[in-house]
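The values are calculated or read from the model by the stated rules, or taken from the named source; none is laboratory data. Keep in mind the model is a prediction, meaning the values are calculated, not measured. Glycine gets a Cβ as well: all are built from the backbone with ideal geometry, and neighbour counts include every protein chain shown. Heads up: the accessible areas ignore ligands, DNA and RNA and are worked out on the full protein's heavy atoms, side chains in. Shrake-Rupley method; radii C 1.70, N 1.55, O 1.52, S 1.80 Å.
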Amino acid sequence: MRCKLGESAKLILEILQTVCGDCACSYQTICRWVTEFNEGKESLSDCPRRRRPKSCVNEQTIASIKKDIDEDPHISVQELSDTNRLSYGTVHTKTIITEHLRMKKVCARCIPHAHLLTVDQKRERVSCATELLNMFESHGPKRLSDIVTGDETRFLFFIVPPKRLNRMWVDRQGNRPVVLRPGFQSRKRMFTVFFNYSSPLVVDILPQDTKMTATYYIQNVLSQVKSAINEQRPKVSTSRTLLLHDNAGPHKARATAQSLRELRI
């Protein structure tokens, strides 16, 4: 407004110093503004201007990033940055991956194992499933209550919480807390569990410094399974029992197979 009234830069400076005191703009700044307003400018905002060209983002660098990703889809942004001598932001945040390649990193989705089977393997599974369905139909020779399932697993003496639960607030000058990571030599104990459709039958804990062998499996595990079945089903006993366990060495040993035949399982 003062410029449109024809007032000089010196007079405008005196008015600003009267109102704002030491906070007033410098004489050089006021002279520049007066010149720009007299040339037709109506705002104090900077005019749009050309930026420095992104010389590092070109067809060659984009093709190089694309080639590295095609060779290793799991490669990290930091590895791409180091390999191509580009900044992290240039590779991912601002330009190449997100804008030019239009890519994003996602976790692989878990799918059933059947998707990886061959046609013959799928047919074999369908055949086995159909046979089992026929056996366990309402008028079939078998019932779900006849199945006893067993498996082994090892439990650590202590369980480390996941990383998310280990986070805690500390002072800026404080030390980072540490947590013991379980390793191969960590103390653990093997549990053998057998259960049927209604409840657990046997929970056997392998004694320390003892190996799971066919002899131990027969004398200590199968004997408990037989007693539990006889107690739960005294009229039928083990004559109709179908034992479901994996093909571990003690399970498929000759002595184990002979013991199962004697138990009529």
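For the pair Arg254 and Ser223, a Förster radius of 25 Å applied to the C-beta separation gives a FRET efficiency near 0.90, rounded to the nearest 0.05.
Please list Glu14, Glu59 in order of solvent-accessible area, largest first, computed with a 1.4 Å probe with all protein chains present.
Values: Glu14 90, Glu59 160 Å².
From most accessible down to least: Glu59, Glu14.
Each of Thr210 and Val236 was given a label point 7 Å from its Cα along the Cα-to-Cβ line. The distance between the two points is 3.0 nm. Residue order by solvent-accessible surface for Leu144, Leu101 is Leu144, Leu101, largest first, with ligands and nucleic acids left out and a 1.4 Å probe. Each Lys or Arg adds one and each Asp or Glu subtracts one; over the other residues with Cβ under 10 Å from the Cβ of Asp246, this totals -1. Run the 1.4 Å probe and let me know the accessible area of Asp82, rounded to the nearest 10 Å². Number for this one is 100 Å². Within a straight-line Cα-Cα reach of under 19 Å, Lys122 can be paired with the following aspartates and glutamates, leaving aside sequence neighbours fewer than 8 residues apart in one chain: Glu131. Electrostatic tally near Ser223: other residues with Cβ closer than 12 Å to its Cβ, Lys and Arg +1, Asp and Glu -1, net -1.
Protection proxy ranking of 190-199, 125-134, 218-227, by the mean of other Cβ atoms within 10 Å over each peptide's residues and highest first, is 218-227, 190-199, 125-134.
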